[in-house]
Each structure stands twice: as C-alpha cells, then as structure tokens.
1. Within the range 195-224, can you find the residues that are surrounded by 12 or more Cβ atoms within 10 Å (Cβ to Cβ) and in contact with a Ser or Thr (Cβ under 9 Å, 6 or more places away or on another chain)?
2. Regarding LEU44, is this residue at pLDDT below 90 and buried (at least 16 other Cβ atoms within 10 Å of the Cβ)?
3. How many of the residues in the range 152-165 are of a type outside the set (Asp, Glu) and surrounded by fewer than 19 Cβ atoms within 10 Å (Cβ to Cβ)?
4. Looking at the range 91-116, which of its residues are assigned to a helix (DSSP H, G or I), modelled with pLDDT of 90 or more and in contact with a strand residue (DSSP E or B) (Cβ under 7 Å, 6 or more places away or on another chain)?
5. Filter the range 67-96 down to residues that are within 17 Å of LEU158 (Cα to Cα) and either open to solvent by less than 30 Å² (accessible area, probe 1.4 Å) or free of Cβ contacts under 8 Å to residues at least 24 places away in the same chain (or both), then give me how many there are.
6. Which is of a type in the set (Lys, Arg) and part of a loop (DSSP other than H, G, I, E, B), of ARG53, ARG16?
7. Just wondering, is there one or more residues in the range 149-172 that are among the acidic types (Asp, Glu) and assigned to a helix (DSSP H, G or I)?
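The values are calculated or read from the model by the stated rules, or taken from the named source; none is laboratory data. Keep in mind the model is a prediction, meaning the values are calculated, not measured. We place every Cβ from the backbone using ideal geometry, glycine too, and count neighbours over all the protein chains shown. The accessibility values were calculated without ligands, DNA or RNA, using every heavy atom of the protein model including side chains. Shrake-Rupley method; radii C 1.70, N 1.55, O 1.52, S 1.80 Å.
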Amino acid sequence: MNNDHHSNIAPFLHTRTESVSVIVDGWNVLLGAADGFGYSRRPLSTFTLDMPRLADGVVARRRRPGGAVRIGIILGRHERAANPAARAAQDAAARQWARDPRVTLIDPGMVSVRAAAEEARAGDRTPHDTVVPIRRHREENGDAAVQELLTQWTDDGLTDAAILVSADADHADCVADIRRRRRTHVEVARWEWQASRLWQPGLWVHHLAPDLLDSVTTDRDPRKVA
C-alpha cells in the first residue's frame, strides 16, 4: 500500500513588510504636478498636494510590500514681506503636512532672482545654488538640502529602502554615490510626464500616473491667502 500523501496546498510564504524613507523634492513635485492636469500648466495658487498621502501612494506602487515610516519634505518658502499670499498658502500646507508624525519639514529658503543673479556675477555662489524659478523668486540651496537628507537617511540604516521623489537630474551624482556605497537601497519616483535624466542602469524608477495626482490634490481658492 502506498502511504505517500501529496497535498495540493502550497506552503505559506511569509513576506516581510519593508520600512521605507521617502524624500520629497517639494518644488520639483509641485511644478511637475502643475503640468499633469490634462491642460495648460495649472496655476500653483489653485491647488495643494497632500504630500504624506503622495508618499504612501509611491510606496504602495513598489513591488515589495512596505510602508513609509518617515517622510522628508523639502520646500523653500517665500519671505512673508516679499509675497505674503504665497507664504500664507505655503505655511497652511506645511501645517497640514506636519500633522502626520512621520513628516520632517525642511525650508531652505527663497531668494529673489535679481539678488541671486547679482551674487552669482560677484562670484559669491554658483548659479546651481539657486533653483526652481517661481515668478521673481527661487528656492535657495534646495538641491543641497534634498541631497543632505537623502544621504543622512540612507546612511543611518534605519529603514530598508529610501525613495527620492524628484525628476531633477542634479541629484544624479548623489544617488550614484549612495548606490556605489551600497548602504540603504534607493529608488526614484517622478510624475510620468516629467522628462528627466535622473536615471541609471539598475535604478528602479516609479512613474507616477494621473490617478495618483488626482487622489492627492485639493483645490484652493486663489482669492484666499490660506
């Protein structure tokens, strides 16, 4: 008599949930979002993004199950005297994001385009230190702030992976350095309509679709300051 028992029940395989750090390049994400509503660029004063929810949406699109355990949002804010309406809207958004205990907010500041040009001509700083033209102002040292936090959060080993949400190719050397040192696994995410040279062989890039943008967008009345 054959006592062998053959079961068609597959063994249960436990899949570990990974912890993920998400670093959001705020102005790059916002300006990219403005181009994603299916018509001409939408004015920044007419919408705001739920950045923590965006981070969760990015992580949910990974092949491996995981959760965002810390979220860094780097966004230069206008000086109140220079643009009180923009600053009020930015402060309101920052307060909303900060309600999520996972969020770290970094404000690298803004500088007037004229002042930045004058200082660059004087040799006090290179043009790469001021990025993202926003009317008459630019974010100051935004790239450096993004890269500093990305490096810190991949060096400390506190999460299994890190995702940089940005299409800015100025971050390519930083990403390459992190991958070369083989610390925390790093990935990149950007809106699918953003053209970018932030890509390297073997680097996983998440292309974020309009449905994610719609799910994290709240309309604003531009006549209100906050």
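1. Selection gives SER196, LEU198, VAL205, THR217, ARG220, PRO222.
2. Details: at pLDDT below 90: yes; buried (at least 16 other Cβ atoms within 10 Å of the Cβ): yes.
Yes.
3. Step one: list which residues in the range 152-165 are of a type outside the set (Asp, Glu), which gives 152-154, 157-159, 161-165.
Adding the requirement that they be surrounded by fewer than 19 Cβ atoms within 10 Å (Cβ to Cβ) leaves 152, 157-158.
Total meeting the criteria: 3.
4. In the first step, residues of the range 91-116 are kept if they are assigned to a helix (DSSP H, G or I); the result is 91-98, 113-116.
Subset that is modelled with pLDDT of 90 or more: 91-98.
Listed by number, the residues that qualify are ALA93, ALA94, TRP97, ALA98.
5. Let us first name the residues in the range 67-96 that are within 17 Å of LEU158 (Cα to Cα), namely 67-72.
Then keep just the ones that are either open to solvent by less than 30 Å² (accessible area, probe 1.4 Å) or free of Cβ contacts under 8 Å to residues at least 24 places away in the same chain (or both); that gives 67-68, 71-72.
Matching residues across the range 67-96 total 4.
6. Working: ARG53 fails: part of a loop (DSSP other than H, G, I, E, B).
Of ARG53, ARG16, the one residue that is of a type in the set (Lys, Arg) and part of a loop (DSSP other than H, G, I, E, B) is ARG16.
7. Taking the range 149-172 and keeping what is among the acidic types (Asp, Glu), we get 155-156, 160, 168, 170.
From the residues that got through so far, the ones that are assigned to a helix (DSSP H, G or I) too are 155, 170.
Within the range 149-172, one or more residues are among the acidic types (Asp, Glu) and assigned to a helix (DSSP H, G or I).
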